[in-house]
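**Student:** Starting off with a structure, shown below.
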Amino acid sequence: MELVCPAGTPAALRTAVKAGAHTIYCGFADETNARNFPGLNFSRKELGEAIVFAHAHGSKVLVAINTFPRAGGEDIWHRAISDAGSLGADAVILADLGLLAYTAEHHPELRRHLSVQAAAANPDAINFYAEAFDVRRVVLPRVLTVAEIKAINAEIDVETEVFVFGGLCVMAEGRCSLSSYATGRSPNMNGVCSPASHVSYSEEEGDLVARLGGYTIHRTEKERSAPYPTLCKGCFTSREQTGHVFEDPTSLDATRLIPDLAKAGVTALKIEGRQRSRAYVEKVVRAFRGAVEAEAQGRPMPEGLLATLSEGQAVTTGAYAKVWR
Amino acid sequence: MTEDLPEIPQTVQVAMRPLPLRPVSILLSRLARRVAARHPDLFERMGEYGGARFALDMTDQPFVLLLDLGHGDPSIKAMRRARVGAVDATIRGPVSGFLGMMHGTLDGDALFFSRDLAVEGDTSSVLALRNAIDDAELDLAEEIGIGSTSVKLLRQAFGVVERATGLPLNRHQMTMEPYS
């Protein structure tokens, strides 16, 4: 199976290549990608050099241009596609219908992958994208069981890529407005979920208090693990109950399901974390490359190596095994 | 929940207390300017936060380091905790956490999850700094040393201290095995 790994900086990309990534995905330093965080991402020059480095070591580079363009601002997204192609990217990862149409018409030679931001979770949707825009691979949303993925693969003729590790978004990706509601900035259009500019932390009575856009979203006691400041993982009181109303602060780790995902016809395994450091990239990529090699040789899956790198310092198999709330 | 991060021994912390802050500040500012000269990309990556001021509150040493990025002309001032004034953000954690992030052995988010690292103030500027430093692949020996011989000697000396204390004093070296 192909291992698709994150890189938020050129150093992280080189690290991923050295750690055994078959493929690396990254984005330009602007609103065209869904990890538009301060200090992150690639200039044109950096991306060109990174692609040369990756190709020299036998790895591929995918460029995520997976936000939805602003009306009147399409040029920024069109330029990103054109530059990704001319710099030698192996594919672009897109979500917006208009951008898919533009790319299919103006850059037909540039391989197109459908981003998880398109939230295509059934054969009808996927086949539409394949037929209309010659999409060659779809990144499946993190809401499907392994059995559902197998059923989808039986009815489509494009490759599927699934997340196996990292931050866990269980919303309808590309449609979620929780962060937009609290901050006025959209993950889907501005590329920032819970933008750091709207996050504040303070120590209050020994607790770590996190606020997003002025809303208190969790108070964490001194000895407990701190979560990301996202609304979907906030701890709220609803009627008499206080808890994580939408989602527990935990990360995906589907290592043990890799053999099942292979049998379900999945082509590529994706690691989340373009916002993470090269230390994270090295440890996670090495661990998963080991797991992919083990799967290919029929050996058992290694387990439990990466919990300290995970949000909440706890992991889940998410929707894949349907034992999770 | 905290990781088992090594801390500066108590005796060393006590011995550091009488250190005169002005010479420490001069030496650290020279180091910061040298880093800026050797890594101009680091400041490009900081973007709009290139003039940000950070209080680096290393909890196992007796003073706080005030890092002023100065739009490419940085300075570092050592200050007593009670005297730190207005800054854009404060980053608090043990020396080993800061060194580990700088040298690519520790992940900033994981340190935050485990509560080994705390942030107050402008979170954006902290994120920019963390990402810019991670990309710069700094190495203390290379930043301090002049000429390959002194870098080599420093790296060896740091290696000895690293093995004795667990402090990550050298940049993490990656190999491409076993999958290259």
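Every read-out reported here was derived from the displayed coordinates using simple, explicitly stated rules and does not represent laboratory data. This is a predicted model, so every value here is computed, not measured. Using ideal geometry, Cβ is built from the backbone for each residue, glycine included, and neighbour counts are taken over all protein chains shown.
**Student:** Return the percentage of antiparallel bridges among DSSP beta bridges fully within the protein assembly as shown, rounded to the nearest 5 %. Spell out each step's value before the answer.
**Tutor:** On the way: 30 of 64 bridges.
Percentage antiparallel, nearest 5: 45.
**Student:** For the pair B:Q10/B:Q156, report the inter-label distance in nm, with labels modelled 7 Å from Cα in the Cβ direction.
**Tutor:** About 3.6 nm, to one decimal.
**Student:** By its C-alpha gyration tensor, with a ≥ b ≥ c as the square roots of the eigenvalues, how is chain B shaped: rounded for a/c under 1.5, else prolate for a/b larger than b/c, else oblate?
**Tutor:** Details: a/c = 1.21, a/b = 1.13, b/c = 1.07.
It is rounded, given that a/c, with a ≥ b ≥ c, falls under 1.5.
**Student:** Going by the alpha-carbon gyration tensor, a ≥ b ≥ c the square roots of its eigenvalues, is chain A rounded (a/c under 1.5) or, if a/c is not under 1.5, prolate (a/b greater than b/c) versus oblate?
**Tutor:** Details: a/c = 1.44, a/b = 1.23, b/c = 1.17.
Taking the square roots of the gyration eigenvalues as a ≥ b ≥ c, chain A is rounded.
**Student:** Now for a separate question. Using only the Cα atoms of the range A:239-289, build the gyration tensor, take square roots of its eigenvalues as a ≥ b ≥ c, and label the shape rounded, prolate or oblate: rounded if a/c is under 1.5, else prolate if a/b is larger than b/c, else oblate. Don't skip to the end; give the middle numbers.
**Tutor:** Values: a/c = 3.24, a/b = 1.47, b/c = 2.19.
Oblate.
**Student:** Could you line up B:V126, A:V146 from fewest to most neighbouring Cβ atoms inside 10 Å?
**Tutor:** A:V146, B:V126
**Student:** Under the 0.36 nm per residue contour assumption, what length would be gained going from the current alpha-carbon distance of A:A307 and A:S82 to full extension? Write down the numbers at each step before the final one.
**Tutor:** On the way: separation 225, 0.36 × 225 = 81.00 nm, distance 3.92 nm.
Extra length from A:A307 to A:S82 when fully extended: 77.1 nm.
**Student:** Please state, to two decimals, what the Cα-based radius of gyration of the range B:13-84 comes to when divided by 2.2 N^0.38 Å (N = residues). Walk me through the intermediate numbers first.
**Tutor:** Details: Rg = 13.0 Å, N = 72, 2.2 N^0.38 = 11.2 Å.
Taking the Cα Rg and dividing by 2.2 N^0.38 Å, one obtains 1.17.
**Student:** Follow-up. Based on other C-beta atoms within 10 Å, arrange A:C176, A:C5 from fewest to most. Before the final figure, lay out each step's value.
**Tutor:** On the way: A:C176 21, A:C5 30.
Arranged by neighbour count, lowest to highest, A:C176, A:C5 become A:C176, A:C5.
**Student:** Under a GNM of chain A (C-alpha, springs under 10 Å), which listed residue has the highest mean-square fluctuation: A:N122, A:N66, A:N33?
**Tutor:** A:N122
**Student:** Given the Cα-Cα distance of B:V24 and B:S148 and 0.36 nm per residue of separation, how much length would full extension add, in nm? All intermediate terms of the calculation are to be shown ahead of the outcome.
**Tutor:** Numbers: separation 124, 0.36 × 124 = 44.64 nm, distance 2.50 nm.
Extra length available between B:V24 and B:S148 comes to 42.1 nm.
**Student:** So, one more: FRET efficiency for A:E204 and A:V143, Cβ-Cβ distance as r, R0 = 35 Å, nearest 0.05?
**Tutor:** Values: r = 35 Å, r/R0 = 1.00.
The computed FRET efficiency comes out at 0.50.
**Student:** Now a separate question. GNM on chain A, C-alpha springs below 10 Å: top fluctuator among A:V164, A:V245, A:V281?
**Tutor:** A:V245
**Student:** Sticking with this one: Taking a 27 Å limit on the Cα-Cα distance, which of the listed pairs A:K222/B:K77; A:K60/B:K152; A:K233/A:K270; A:K18/A:K222; A:K18/B:K77 fall beyond it?
**Tutor:** Working: A:K222/B:K77 30 Å; A:K60/B:K152 35 Å; A:K233/A:K270 22 Å; A:K18/A:K222 37 Å; A:K18/B:K77 38 Å.
Listed pairs above 27 Å: A:K222/B:K77; A:K60/B:K152; A:K18/A:K222; A:K18/B:K77.
**Student:** Let me check against my output: what whole-number percent is the relative contact order of the range B:10-165, with C-alpha pairs under 8 Å and at least 6 apart? List each step's numbers first, then the result.
**Tutor:** Values: 221 pairs, mean separation 32.7, N = 156.
Computed value for the range B:10-165: 21 percent relative contact order.
**Student:** I would also like to ask the following. Between A:E240 and A:R44, how many nm apart are label points set 7 Å from Cα along the C-beta direction?
**Tutor:** Placing both labels 7 Å along Cα→Cβ, they lie 6.3 nm apart.
**Student:** With 10 angstrom as the radius, rank A:Y320, A:Y25, A:Y228 by how many other C-beta atoms surround their C-beta, starting from the fewest. Please report the intermediate quantities before stating the final value.
**Tutor:** Details: A:Y320 26, A:Y25 30, A:Y228 21.
Going from least to most buried by this count: A:Y228, A:Y320, A:Y25.
**Student:** For n ≥ 4 DSSP H runs only, could you compute -39500 (n - 2.57) per run for chain A, divide by its residues and tell me the 222 nm figure to the nearest 500?
**Tutor:** Numbers: 9 runs with 97 residues, N = 325.
Theoretical 222 nm ellipticity from helices: -9000 deg cm²/dmol.
**Student:** So, in Å, what gap is there between the alpha-carbon centers of the range B:72-111 and the range A:144-163?
**Tutor:** A separation of 45 Å, based on Cα centres.
**Student:** While we're on this one: When chain B is modelled as a GNM with alpha-carbon springs shorter than 10 Å, which of B:G93, B:G85, B:G159 fluctuates the most?
**Tutor:** Residue with maximal mean-square fluctuation among B:G93, B:G85, B:G159: B:G85.
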